[in-house]
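Read through the structure below, which is laid out as C-alpha cells, and then see the notes.
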Amino acid sequence: MKDTAPRTTRLADYRPFGWRVTEVHLTFRLAPGATRVLSRIRFAPLDHAPARMTLDGEGLTLISALIDGAPVSPDLTTDGLTVDVPPAPFLWEAEVEIAPEGNTALEGLYMSGGIYCTQCEAEGFRRITYYPDRPDVMAPFTVRIESDLPVLLSNGNPTGSGPGFAEWHDPWPKPSYLFALVAGNLVATSASFQTAEGRDVELNVWVRPGDEGRTGYALDSLIRSMRWDEDRFGRVYDLDVFNIVAVDDFNAGAMENKGLNIFNSKYVLASPETATDRDFEGIEAVVAHEYFHNWTGNRITCRDWFQLCLKEGLTVYRDQEFTSDMRSRAVKRIEDALLLRAAQFREDAGPLAHPPRPDTYVEINNFYTVTVYEKGAEVVRMLASVLGPETFATGLELYFARHDGHAATIEEFFACFQEVAGDTLDGFARWWTEAGTPRVTVSRHWDGETLTLSVRQETLGGPRWIPLAVGLLGPDGEEIAPTTLLTLKDTEAHWRYVPSTATWETCSAPNGQPKTDGAPLPSINRGFSAPVLLEAGMTDAERRLIFGHDTDPFNRWDAGRQLIRAGFIGLVTEDREPDPETLAAMGRAVRDDALDPAFRALVMGLPSDDDIAQTLAEAGRTPDPDLIETGRERLREAIAALLAGDLRRLYADLAPVGPYRPDADGAGRRALRCAALSCLSVVDGPDAARALYSQADNMTERLAALSVLLRLGAAEDALADFHARWSRTPDVLDKWFALQVGSVKGSRAVETALRLTRHPDFDWRRPNRVRSVLGTMLRHHAGFHSADGAGYKVAADWIVRLDPANPQLAAGLTSPFQTWRRYDGDRQGMMRDALERIASADGLSRDTSEMVGRILG
Ligand code: 0A1
Ligand code: ZN
C-alpha cells in the first residue's frame, strides 16, 4: 500500500546513513506471481551508527531475516523495517517474495510482454528487497538469476552461467537506483568496441524476436556516443559489456542502469518505414544520454535526490553537445530553446515552479521535470560560457578526478569550477537554488558616436549572473562588432562599445539626448546564451534587419519568430491582418537556398497555441483557445496565399533524390518539404498529400501526409491502410493513435480521444498508448480547453482511473492543468472542479495528490 499522507522531505534534513555497505549479493528465483529475492548484504557501522538500523521496503513479503546467521524479527512498517544490529560489521541476510506480474506501477521488478525488467530510479529498489534505498549508499553488487528463460542479464560483467542460471558481478560501487535485471526471450544485435584504453567491449542491443531488424541505428548511435565521449570529454567505458534492452512498457524514456540500460522501445526500434526523422534524432540523443550517464550519474552519482540536476543537467548538456556535433549546432540550439520556452518557462511561470535544485519534495518522481533536466543543462551551458572552454574543461576534469566513486552535491560540483577559476563566481549559483525566469531589459543610447547598452534584470531571490552574447549590425545588416559575452552580475549595468579596440567596456549610465541616425543595431542574447525573457525594445523594422542579416542563426530565427508572434497576437486580439512585410521577409528566408533547409523549416513553424496563450496571459489578457486556433488557421492561409508559388517549387525541388537516410541533411530537406506541403494544402487541397502518403518510402513523409489528410477531413482510406499495415507494431500504432487526436480541430480532439480509448487496440495498461491518446488530447490546446469542459472531464476521469494502477503515469497527465489560472472564470471553475475531483479520489497516490495539490496552490 502506498502511503498517501503528504510527507515532505527536506534538503535541510539530510543525514548520512549510519553504515557503509561493503558487499551486496542478490539471488533471484524468478516466477511471475511469486519471485523470491535472497539478499546477503555486509554492513559496517560508521561512527554515528545508532543501535537500530532502518531499511526501506515497499510491498515486500518478508520470509526470513538473519544477522550473522542468527534469525531476527525486525519491526515491519508500511515503508520498511527496523532492526537491532551489532556495533561491528555484520552480515544481513533476507529472503522476500514479490509478484512482478501484478506490478502495474512499473517500478521495481515488473513484466512487459513476458520480459522481466526493472526500473529502480528513483525509489524502486525498495520494491525488490529491504535496503538503504538512497543514492549516497554505494556498493559493488553480485547477482545470481535463476530462471529457464534464455537471456538473463544484470549489471556489470557476466561471471558464470549454466542451465537455468546466470551470474553477474559489477565491480563499480553503485547506488541501488542503478540496479537492473532483465530476463526473457530476447535477441541481440551486437558489435564490439575497443576503448581508448584498449579494452574490448561487447555491445548488445536486445529486443523481442522479430524486432532485430530495427536495432541498427541504436547500436550505431551507441558506438558514436562512446567514441565521442572519449574524444570530447576524455571519458572511457569501464566494463567488458554494455547491454541495451528495449521493452514496450516503460514509464520514462530510458534508464542508465550501470552496464545494462533499459529503454522504452520507442527510443530503440527504428527503420525508415517505421520511424520518423524525429524518432531517429530522439534515439541518437537518448542512447547518448544514457551512455553519458556512465560518468555523469554512475561513476559520480548524487548524494541525495535534491541533487538530481547534478547528473541530469550535466548529462543533458553533454547529449546536447553530442547532437550539435553530429547534426546542426544552430538547429539543435533552436530546438532546445523552443522546448525550454514552451515547457520550462511555462513551468517557471506557474504553480509548479521550482529551482533546478529544489529543497523540498513530497514524491521525488514528480521532480523529473524540464526545470531539472533542461534548465539544469542551461545552467551548465552558462557556466561553460562564463568560464570559457578551457577553464570549464579544467573544472570538469577536476570534478571527475575528485569525485569519482562518490555521491556528490551541486556545491561540490560548483566548487571545482570556482577553484580553477580562482574566483567565487558569486551570484552564479542562484541559478540552481532559485526558481523563476529572469526578465532582462536592454535599453540603448546612441550619442552619434558611441552606443551604450543599459541592461537590467528582474529576478527572484537576488541578481544572477546573466551571460549575454552581443554583436552589432550596421544599417544594412552588416556585422560591425563580433559576438562578445557581456555578463550582467548585478541588477543593472551599462556597457559602451569602443570601435577602435572592438571591445565593450563598462561605464556609468549614459546621459544626454539620444540620437537615432546611424545607430548600430545590437543583436542580443545570441545563441540564446542565457535562458531569460528578453525585452530589447526593438521595432519591427529592426527585427526584420536581424531576421534577414544577422550572422547568428539563433537570433535570425528568433527575430522572425517575434515578428510572426506579433502578427499572430494581432490577429487573435484585434482581428488585424498579418503584416505583409513580415510574410515577405519570411518568404525570402524560405526561398533562400543558401540557408539550411532545416533552418528554413523552423522559420516556417508557427508558435504553438499554448505559446500564444502564455504571451496573452503575460500581457494581462485572457486567452480564448478557439480564437487562437482560428487565428492560426487564418495565419496559415495568409502564408499559403502569399507563398504558394514558392512552396510548390520547393515541394518539387526537395523531392527525394536517393534512398532514405536518417541524417541531418535529409531530415532538414524532408522537414522543409513537409512544411511546404502542409501549408500548401490550405490552398491546393488533399491531392498532393494523398499522393505522398501512397508513394513515400519512409515514415516521416507518410506521417506528414496523413496529418494533412486528417486536418482536411480526407484521411479515411489512409487511416485504414495505416492501421492494416501496422496493427501489430506497437510503436508505430502509437503514432496512428496520436495523430488522429493531434491533427483534428479542437472541437473534435476530445471526442476522437474518447472514441479511441474504446478502440480494441487501446490498452490503458501501456503507458505509451495512454500518452498517445490522452497525452495528445491534453496537449491539444483548443481540445483540452474546449468550452464545454469535456477535455477537463475526460482528463480527470482517466487520471482517477489510471492512478491506482500506475501513479507515475497518472501524475504525469496532470501537468497541463498547471496553467489553469490563465483562463476565463468558466474554464477556471471547470478545471478547479476537475482537479478537486481528482484530489478527492479514494486512496489517491502520493504522486498524483502532490501534483494536484501544488497545481491548486
Ligand atoms: N534517469 C533517467 C530517466 C528516468 C527517471 C525516472 C524514472 O522513473 C522515475 C525512470 C527513468 C534518464 O535521465 O534518462
Ligand atoms: Zn538522465
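Divide the volume of the convex hull around the Cα atoms of the stretch 763-834 by the residue count and you get 75 Å³ per residue. Scaled against the 2.2 N^0.38 Å expected of a compact globular protein of N residues, the Cα radius of gyration of the stretch 150-261 reads 1.06.
Built from the Cα atoms of the stretch 507-603, the convex hull projects on average onto 8.6 nm², one quarter of its surface area. Taken as Cα centroids, the stretch 720-746 and the stretch 787-824 sit 23 Å apart, rounded to the nearest whole angstrom.
Sorted ascending by nearby beta carbons within 10 Å, beginning with the fewest, 268, 440 become 440, 268. One equal scatterer on each Cα of the stretch 415-554, no solvent, Debye formula: the resulting log10 I(q)/I(0) at q = 0.12, 0.19, 0.20 Å⁻¹ is -0.51, -1.17, -1.26. Projected label points at residue 594 and residue 44, each 7 Å from Cα along the beta carbon direction, are separated by 6.7 nanometres. For the pair residue 657 and residue 787, label points projected 7 Å from Cα toward Cβ lie 5.2 nm apart. Using only side-chain charges placed at the Cβ, +1 for Lys and Arg and -1 for Asp and Glu, the dipole size of the chain relative to its Cα centre rounds to 880 debye. Cross-link partners for residue 258 among the aspartates and glutamates, with Cα-Cα distance under 14 Å and sequence neighbours closer than 8 places in the same chain left out: 121, 170, 238, 240, 290. Does the stretch 328-415 come out rounded, prolate or oblate, given a ≥ b ≥ c as the square roots of the eigenvalues of its C-alpha gyration tensor, rounded meaning a/c under 1.5 and, failing that, prolate meaning a/b above b/c? Oblate is the answer for the stretch 328-415, as a/c is 1.5 or above yet b/c matches or exceeds a/b. What lysines could a cross-link reach from residue 735, if we take a straight Cα to Cα line under 26 Å and drop same-chain neighbours fewer than 8 places away? Straight-line reach from residue 735, under 26 Å: 266, 332, 745, 793.
Each residue of the stretch 449-459 was assigned a 3J(HN,Hα) from its phi angle through the Karplus expression (A = 6.51, B = -1.76, C = 1.60, θ = phi - 60°), giving 10, 10, 9, 10, 9, 10, 10, 10, 10, 10, 9 Hz with x at Gly and Pro.
Against the empirical curve 2.2 N^0.38 Å, the C-alpha radius of gyration of the stretch 678-809 lands at a ratio of 1.08.
Would you please report the Å³ per residue occupied by the convex hull of the alpha carbon atoms in the stretch 343-469?
Once divided by residue count, the hull of the stretch 343-469 is 134 Å³.
Phi angles of the stretch 625-632 translate, via the Karplus equation with coefficients 6.51, -1.76, 1.60 and θ = phi - 60°, into HN-Hα couplings of x, 5, 4, 5, 5, 5, x, 4 Hz per residue; Gly and Pro are given as x.
Using only Cα atoms, what Kirkwood radius does the stretch 73-165 have, in angstroms?
15.6 Å
What angle do you read, to the nearest 10 degrees and between 0 and 90, between the alpha-carbon axis of helix 308-326 and the longest principal axis of the chain? The two axes meet at around 60 degrees. Remark: the residue 101-residue 498 segment gains 135.9 nm on full extension, using 0.36 nm per residue and subtracting the alpha carbon distance.
Once you list every other residue whose beta carbon is under 9 Å from the beta carbon of residue 597, what net charge do they have if Lys and Arg are +1 and Asp and Glu are -1? Neighbourhood net charge equals +1. Relative to its Kirkwood radius, the Cα radius of gyration of the stretch 671-725 gives an Rg/Rh of 0.93. Local charge sum around residue 411 (other residues, Cβ-Cβ under 11 Å, Lys/Arg +1, Asp/Glu -1)? With Lys, Arg at +1 and Asp, Glu at -1, the net is +1. Using only side-chain charges placed at the Cβ, +1 for Lys and Arg and -1 for Asp and Glu, the dipole size of the stretch 730-806 relative to its Cα centre rounds to 80 debye. The charge dipole of the stretch 294-448, taken about its Cα centre with unit charges on the Cβ of Lys, Arg, Asp and Glu (plus for the first two, minus for the last two), comes to roughly 440 debye. Working note: Karplus 6.51/-1.76/1.60 with θ = phi - 60° gives the stretch 104-109 the couplings 8, 6, 6, 10, x, 9 Hz, where Gly and Pro are set to x. If the segment from residue 856 to residue 406 were pulled out straight at 0.36 nm per residue, it would be longer than the present Cα-Cα gap by 158.1 nm. The share of C-alpha pairs in the stretch 247-339 whose separation exceeds 24 Å stands at 24 percent. Each of 396, 641, 292 was scored by the projection of its Cα onto the charge dipole of the chain, and the greatest displacement toward the positive side belongs to 641; charges sit on the C-beta of Lys, Arg, Asp and Glu. The Rg/Rh ratio for the stretch 1-138, using Cα coordinates for both the radius of gyration and the Kirkwood hydrodynamic radius, is 0.96.
Taking amide H atoms as placed 1.01 Å from N in the peptide plane, the amide H of residue 534 lies under 5 Å from those of 440, each 5 or more residues away in sequence or on another chain. Amide H to amide H distances under 5 Å link residue 165 with 147, where only residues 5 or more positions off or on other chains count and H is placed in the peptide plane.
For residue 832 and residue 694, calculate 0.36 nm times their separation in residues minus their Cα-Cα distance, and state this gained length in nm to one decimal.
On the way: separation 138, 0.36 × 138 = 49.68 nm, distance 4.56 nm.
Gain on stretching residue 832 to residue 694: 45.1 nm.
For the chain, the longest principal axis of the alpha carbon atoms and the long axis of helix 553-574 meet at an angle near 70°.
Spin-label model, residue 619/residue 439: points 7 Å from Cα along the beta carbon direction are separated by 1.5 nm. Take the Cα of residue 202, go 7 Å toward its beta carbon, and the backbone nitrogen atoms of the stretch 237-274 under 17 Å from that spot belong to 238-245, 259-261.
Evaluated on the stretch 213-271, the Kirkwood hydrodynamic radius is 12.3 Å, with distances taken between all distinct Cα atoms. Treating the stretch 23-70 as a set of equal point scatterers at the Cα positions, no solvent, please give the Debye-formula log₁₀ I(q)/I(0) at q = 0.21, 0.25, 0.28 Å⁻¹. Calculated log10 I(q)/I(0) at the listed q: -0.97, -1.23, -1.36. Computed from the Cα positions only, the extents of the stretch 643-753 along the three principal axes stand at 38, 30, 22 Å, in decreasing order. Remark: relative contact order (the chain) = 9 percent; criterion is Cα-Cα distance under 8 angstrom and separation of 6 or more residues.
Among the trypsin sites (Lys or Arg not before Pro) in the stretch 755-855, those located in a DSSP loop and surrounded by at most 11 other Cβ atoms within 10 Å of their own Cβ are 758.
Near residue 112, the amide H atoms lying under 5 Å from its own belong to 117; only residues 5 or more places off or on other chains count, and H is placed 1.01 Å from N.
Shown for 289, 48, 403, 354: other C-beta atoms within 10 Å of each C-beta, ranked fewest to most, produce the order 48, 403, 354, 289. Taking the Kirkwood radius as Rh and the Cα radius of gyration as Rg, the chain has a ratio of Rg/Rh equal to 0.97. Here is the list for the stretch 591-625: trypsin sites (Lys or Arg not before Pro) lying in DSSP coil, each with at most 15 other C-beta atoms within 10 angstrom of its C-beta, are 621. Compared with the dominant principal axis of the Cα atoms in the chain, helix 790-802 is inclined by about 20°.
Taking a Cβ cut-off of under 15 Å around residue 144, the surrounding Lys, Arg, Asp and Glu residues balance to a net charge of -4, with basic ones at +1 and acidic ones at -1. Can you tell me the relative contact order of the stretch 712-857? Whole percent, Cα pairs under 8 Å, sequence separation 6 or more. RCO, the stretch 712-857: 18 percent. Loop-located GluC sites (Glu not before Pro) in the stretch 429-458 (DSSP state other than H, G, I, E, B) with a sparse environment of at most 15 neighbouring Cβ atoms within 10 Å: 449.
Every number here is computed from the coordinates shown, using simple stated rules; none is lab data. Small disclaimer: the values here were computed from a predicted structure and weren't measured. Positions of Cβ are backbone-derived with ideal geometry, glycine not excepted, and every protein chain shown enters the neighbour counts.
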